[in-house]
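K.L.:
I am attaching a structure below and will ask some questions about it afterwards.
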Amino acid sequence: MMRQYDLVERVKRYNPGTDEALLNRAYVYAMKAHGNQKRASGDPYFAHPLEVAAILTDLKLDDATIVAAVLHDTIEDTEATREEIDRIFGAEIGQLVDGLTKIKKLDLVSKKAAQAENLRKLLIAISSDVRVLLVKLADRLHNMRTLHYVPPSKRARISEETLDIYAPLAGRMGMQEVRDELEDLSFRHLMPDAHQMVKAKLSELGEKNKGLIEKIEQELVAKLQAQGLKADVKGRQKTAYSVWKKMERKSIGFEQLSDIFGFRVLVNTIPECYRVLGAVHVVWPMVPGRFKDYISTPKQNDYRSLHTTVIGPGRQRVELQIRTWEMHQIDEFGIAAHAIYKDGLEFRPEGGAAESNAYQWLRKTIDALSEGDSPEEFLEHTKLELFHDQVFCFTPKGALIALPRGATPIDFAYALHSAIGNEAVGCRVNGRSAPLLSELQNGDQVEIIRAPGQTPPAAWETAVVTGKARADIRRATRAAVKAQYTGLGRQILERAFARAGKPCSDAKLKAALPRLARSSVDDVLSAVGRGEMVSSDVVKAVYPDFREEQNAGPGSDGKGGWFELKQGENLKFKVPDRRDPEASIPIRGLQGDLPVSFAPNGGAVPGDRIVGILNPGEGITIYPIQSAGLSVFDDQPERWLDVRWDIDEARKSRFPAQITVSVINEPGALADIAKVIGDSDGNIDNIVMTSKSNDFREMMIDLEVWDLKHLSAVIAELKAKPIVSSVTRVNG
Ligand code: MN
């Protein structure tokens with residue numbers, strides 16, 4: 001295991017001004033924090049963060065990055081806290097370690113999600129600082145190097161994740177060496193047989209061509225020297241993984257691969273690169289279509305080189321990469337090397353006022369990273385900074401949804417589809433039930449629970465943060481209110497036409513539209529429902545000859561829609577009388593042929609315990625035993641009759657009951673109440689507005705129900721409506 005002074009020495013080699021005390025503090029802190037934790041290999045756990053730091057010293061990174069590497073597993077795996085790290089090492093390092101902790105937690109999610117490209121974006125988003133990504137790559141590299149100690153069952157998943165996410169990320173960051181090694185290690189664990197085969201063939205071929213490679217190297221150097229060019233030429237074998245990929249992609253055997261060797265020509269300056277190219281092309285014929293100038297047009301990750309393939313000595317195809325030493329460093333170490341070459345160690349994204357060259361370059365690279373090569377570029381051209389305003393969440397199937405920070409599961413639902421938002425009634429975040437109005441965090445997996453036919457509460461409009469959700473909610477609540485008015489208007493009109501004894505249909509209404517000065521039948525219905533149009537006017541518009549009769553009693557709505565109902569006024573509903581007039585009152589214990597009625601206030605329904613009160617000269621009134629109205633007869637026991645229900649199930653009928661309902665004053669409330677009662681198979685006989693305030697309406701409703709159970713069900717349905725604040729049975 002690396003010792004304290006080893007680490008300091010490694011850093012001092014490239015950064016003589018390093019803060020030795022800081023490095024030592026980190027070493028001791030992490031060593032104590034990890035205590036006697038062990039790696040799968042049996043080594044002390046602390047060896048791992050040290051190795052990760054060592055990898056980063058190869059990349060010549062700054063003190064904060066090295067310290068963050070030493071501390072990278074402390075928050076997640078030990079008692080250490082962010083606060084403590086901030087206090088001891090400063091907020092900059094604290095932030096880096098925090099970023100690494102977040103990514104570590106993310107690994108748990110990635111098992112479920114199959115979208116590597118999106119995960120890479122998420123990774124970038126979470127890493128507020130590119131140094132977090134550098135440490136993460138080094139962490140993954142060391143874990144891959146020691147993967148053979150991990151139980152075989154876990155190796156495949158880790159290797160897949162490395163191939164899908166981390167190796168391409170290293171490539172995009174321009175760190176070819178890291179990418180090559182990650183790919184090769186993954187390949188070895190995922191396909192041990194294929195890996196072994198390719199490796200064996202490569203080394204066999206390497207042996208066979210050993211002389212040839214050297215010969216070509218020497219010949220190239222000599223030819224270039226003849227032109228006055230001093231160059232280093234290095235022959236190299238392609239990696240096992242890239243060879244395998246090529247075999248797979250082209251469905252060819254190993255023997256058919258022509259370009260297993262490549263040569264790198266390294267010079268000092270860019271003009272020398274082109275002179276080398278000229279010299280090579282003069283001596284050996286070039287293979288058409290293989291020349292690429294990545295110096296005048298660098299790749300997205302800032303890779304620069306000249307590529308060409310020539311028919312070299314012994315008719316052997318020779319692939320050449322011509323580049324400067326600087327380009328070579330950048331190719332191998334990517335971001336890190338670039339920083340060293342351009343600005344020493346100054347490449348902190350949050351660095352001073354003047355943006356360093358490396359930082360500009362870094363930003364460009366990050367832009368390229370975030371653009372991705374997936375066709376569905378829903379985060380295209382987004383900058384790293386912009387990611388800070390966003391949260392990234394997953395659907396249960398692993399699709400990534402980007403939302404503004406502060407977004408709720410409701411925003412998430414609407415981002416998926418308007419219908420999903422409208423029907424959302426609950427959600428699970430990371431498998432647990434959560435309120436729809438909670439704030440989503442990066443990496444959350446969100447599942448929306450839906451109830452078809454639901455209307456979103458209007459209050460959501462102010463709770464959501466996305467414009468789409470807000471617009472959808474507004475649209476849905478408007479449509480719902482309109483539908484309520486339309487439904488109410490239809491009910492009012494049906495009754496008005498029935499009273500007039502005239503048939504009505506949408507076609508007839510449509511024909512009368514010009515006379516009503518409305519553009520559609522729905523407009524007419526909702527105008528009537530809102531009370532903007534009087535139902536008798538509609539009847540007259542459809543039947544111009546119709547004369548209104550005087551029988552327009554309280555049941556006619558000549559005063560407008562329901563909402564014109566004044567306190568104390570009542571509105572009688574004409575309901576079909578389902579009671580058979582010939583049927584006897586289903587009550588036992590009655591005397592003689594006395595007429596029977598039900599308690600005037602509150603009625604009585606089967607299921608109630610009842611008593612009869614004898615009213616001389618009038619008959620018998622049936623009261624529920626709990627009725628407050630009975631108290632007036634307390635001192636007249638001679639009038640009390642013992643009665644019981646005698647229900648014939650085959651000939652059921654409805655009985656009167658009375659309820660008071662208090663509702664929030666909002667458009668459509670009354671229609672809602674009427675609909676709930678109707679949907680529950682209750683008949684409304686009468687509604688009286690008993691009190692009216694800005695916020696509430698209280699009404700007394702006369703109902704006809706089958707029995708007590710049915711009445712309880714109607715009350716329960718009413719109570720379930722959000723606009724209903726209370727329901728009580730009179731005499732209940
Ligand atoms: Mn680690």
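The values are calculated or read from the model by the stated rules, or taken from the named source; none is laboratory data. Given the structure is predicted, the values throughout are model-derived calculations rather than measurements. Note: ideal-geometry Cβ built from the backbone for every residue, glycine included; neighbour counts use all protein chains shown. For the accessible areas, the whole protein counts, side chains as well, though only heavy atoms, and no ligand, DNA or RNA atoms are used. Shrake-Rupley method; radii C 1.70, N 1.55, O 1.52, S 1.80 Å.
K.L.:
Residues being modelled with pLDDT under 85 and surrounded by fewer than 18 Cβ atoms within 10 Å (Cβ to Cβ): count how many of those fall in the range 312-325.
P.N.:
Let us first name the residues in the range 312-325 that are modelled with pLDDT under 85, namely 312-318.
Keeping just the survivors that are surrounded by fewer than 18 Cβ atoms within 10 Å (Cβ to Cβ) gives 313-317.
Total meeting the criteria: 5.
K.L.:
If we scan the range 632-639, do we find a residue that is polar (S, T, N, Q) and within 16 Å of Thr728 (Cβ to Cβ)?
P.N.:
no
K.L.:
Residues that are more than 27 Å from Phe392 (Cα to Cα), among the β-branched types (Val, Ile, Thr) and touching a residue at least 40 places away in the same chain (Cβ under 8 Å): list the helices (runs of 4 or more DSSP H) wholly contained in the range 411-509 that include at least 3 such residues.
P.N.:
467-500
K.L.:
Something else: In the set Leu108, Leu163, Leu134, Leu141, which member is more than 16 Å from the ligand (Cβ to nearest atom), aliphatic (A, V, I, L, M) and either under 26 Å from Asp43 (Cα atoms) or modelled with pLDDT of 75 or more (or both)?
P.N.:
Leu163
Listed here are the residues, each with its yes/no results for (1) in contact (Cβ under 8 Å) with a residue 24 or more places away in the chain; (2) touching a Phe, Trp or Tyr at 6+ places or on another chain (Cβ under 6 Å); (3) open to solvent by 50 Å² or more (accessible area, probe 1.4 Å); (4) away from the ligand (no atom under 16 Å from the Cβ).
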{"residue": "Glu20", "(1), (2), (3), (4)": "no, no, yes, yes"}
{"residue": "His34", "(1), (2), (3), (4)": "yes, yes, no, no"}
{"residue": "His48", "(1), (2), (3), (4)": "yes, no, no, no"}
{"residue": "Ala64", "(1), (2), (3), (4)": "yes, no, no, yes"}
{"residue": "Ala69", "(1), (2), (3), (4)": "yes, no, no, no"}
{"residue": "Arg87", "(1), (2), (3), (4)": "no, no, yes, yes"}
{"residue": "Leu96", "(1), (2), (3), (4)": "yes, no, no, no"}
{"residue": "Gly99", "(1), (2), (3), (4)": "yes, no, no, no"}
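K.L.:
Could you list, ordered by first residue, the pairs with Cβ atoms under 6 Å in which the first is in the range 588-603 and within 20 Å of Glu704 (Cα to Cα) and open to solvent by less than 40 Å² (accessible area, probe 1.4 Å) and the second is at pLDDT below 80 and part of a loop (DSSP other than H, G, I, E, B), at least 6 apart or interchain?
P.N.:
Pairs found: Val596/Ile585; Gly602/Asn731.
K.L.:
Where in the range 7-103 are the helices (runs of 4 or more DSSP H), entirely inside, with at least 3 residues that are of a type in the set (A, V, I, L, M, F, W, C)?
P.N.:
Where helices (runs of 4 or more DSSP H) fall fully within the range 7-103 and carry at least 3 residues being of a type in the set (A, V, I, L, M, F, W, C), they are 20-34, 47-58, 63-71, 82-89.
K.L.:
Return the residues of the range 634-649 that are without any contact (Cβ under 8 Å) to a residue 12 or more places away in the chain and open to solvent by less than 70 Å² (accessible area, probe 1.4 Å); say none if nothing qualifies.
P.N.:
Scanning the range 634-649 gives a single hit, Gln636.
K.L.:
Inside the range 390-437, can you point out the residues that are β-branched (Val, Ile, Thr) and buried (at least 22 other Cβ atoms within 10 Å of the Cβ)?
P.N.:
Of everything in the range 390-437, those that are β-branched (Val, Ile, Thr) and buried (at least 22 other Cβ atoms within 10 Å of the Cβ) turn out to be Val391, Thr408, Ile410.
K.L.:
Quick one: which of Phe347, Phe291 is modelled with pLDDT under 90 and within 30 Å of Glu214 (Cα to Cα)?
P.N.:
Answer to the check: Phe291.
K.L.:
Of (1) among the hydroxyl-bearing types (Ser, Thr, Tyr); (2) crowded, with 20+ Cβ neighbours inside 10 Å; (3) more than 55 Å from the chain's Cα centre (by Cα), Ser631 satisfies all except one. Which?
P.N.:
Just one mismatch for Ser631, condition (2).
K.L.:
Which of the numbered conditions does Asp73 fail, given that it passes all the others? Conditions: (1) farther than 15 Å from Asn143 by Cα; (2) surrounded by 15 or more Cβ atoms within 10 Å (Cβ to Cβ); (3) charged (D, E, K, R).
P.N.:
Going through (1) farther than 15 Å from Asn143 by Cα; (2) surrounded by 15 or more Cβ atoms within 10 Å (Cβ to Cβ); (3) charged (D, E, K, R) one by one, Asp73 breaks only (1).
K.L.:
Scan the range 667-689 residue by residue and report those that are surrounded by fewer than 16 Cβ atoms within 10 Å (Cβ to Cβ) and over 25 Å from Arg651 (Cα atoms).
P.N.:
Pro667
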